[in-house]
Amino acid sequence: MAKNMKRRTIELVTGVNGDGLETVTYATPIFVSTEVTYEAYDITERIEEQVKFEEGKIDKVEDPLTQRGMFEMLADFTVKLYGDKFTKKELIAGLHAPEALMTLQENLRFVTQGDQSEENTQMTKKFLAKKG
């Protein structure tokens, strides 16, 4: 098994203190099962199918997906990815709205493609160093 396994972190806002924010940072478990990858692929395929439908490339979608439905599906996946360290309600309440969808999509890409932004790589390293 790889010695340098990839991990990802997510920072959730838990409160607002004047001009500052109270946050909690969570890391993915040290091991993420390939079963999670299968779920990520299923979500990706469902989103791609919806996009093709909206672009007129296919005539119908068996189970149409709304924007909120997609967000909810990605939120459920993210909670599972982080090993239920926070609830879906805490996740949704703790994400900054303009970045929320992008953050959820990045977690999906982390699993399906191993993608990790440089910013998240640095944040993860700092978080894990503090944890010891």
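Read-outs: derived from the displayed coordinates by stated rules, not from any lab. It should be emphasised that the depicted structure is a prediction, and the values quoted were computed from it without experimental measurement. Cβ placement follows ideal geometry from the backbone for every residue including glycine, while neighbour counts extend to all protein chains displayed.
Where the centroid of each part is defined by its Cα atoms, how far is region 21-51 from region 59-75 in Å?
16
Within region 59-132, report the GluC sites (Glu not before Pro) that DSSP leaves as loop and that have at most 10 other Cβ atoms within 10 Å.
Qualifying residues, ordered by number: Glu62.
Taking the Cα atoms of the chain, report the difference between the largest and smallest coordinate on each principal axis, in whole Å and largest first.
52, 45, 24
Rounding to the nearest 10 and keeping the result within 0 to 90°, find how far the Cα-based axis of helix 67-81 lies from the longest principal axis of the chain.
Here the helix axis deviates by roughly 40 degrees.
Report relative contact order for the chain in percent, whole number only (criteria: Cα-Cα under 8 Å, sequence separation at least 6).
Computed over the chain, the figure is 32 percent.
Per DSSP helix of 4 or more residues, -39500 (n - 2.57); summed, then divided by the residues of the chain. What does that give at 222 nm, rounded to the nearest 500?
That calculation yields -18500 deg cm²/dmol at 222 nm.
Based only on other Cβ atoms within 10 Å, what is the fewest-to-most ordering of Arg8, Arg68? Don't skip to the answer; put the middle values down first.
Details: Arg8 23, Arg68 8.
Fewest to most other Cβ atoms nearby, the residues stand as Arg68, Arg8.
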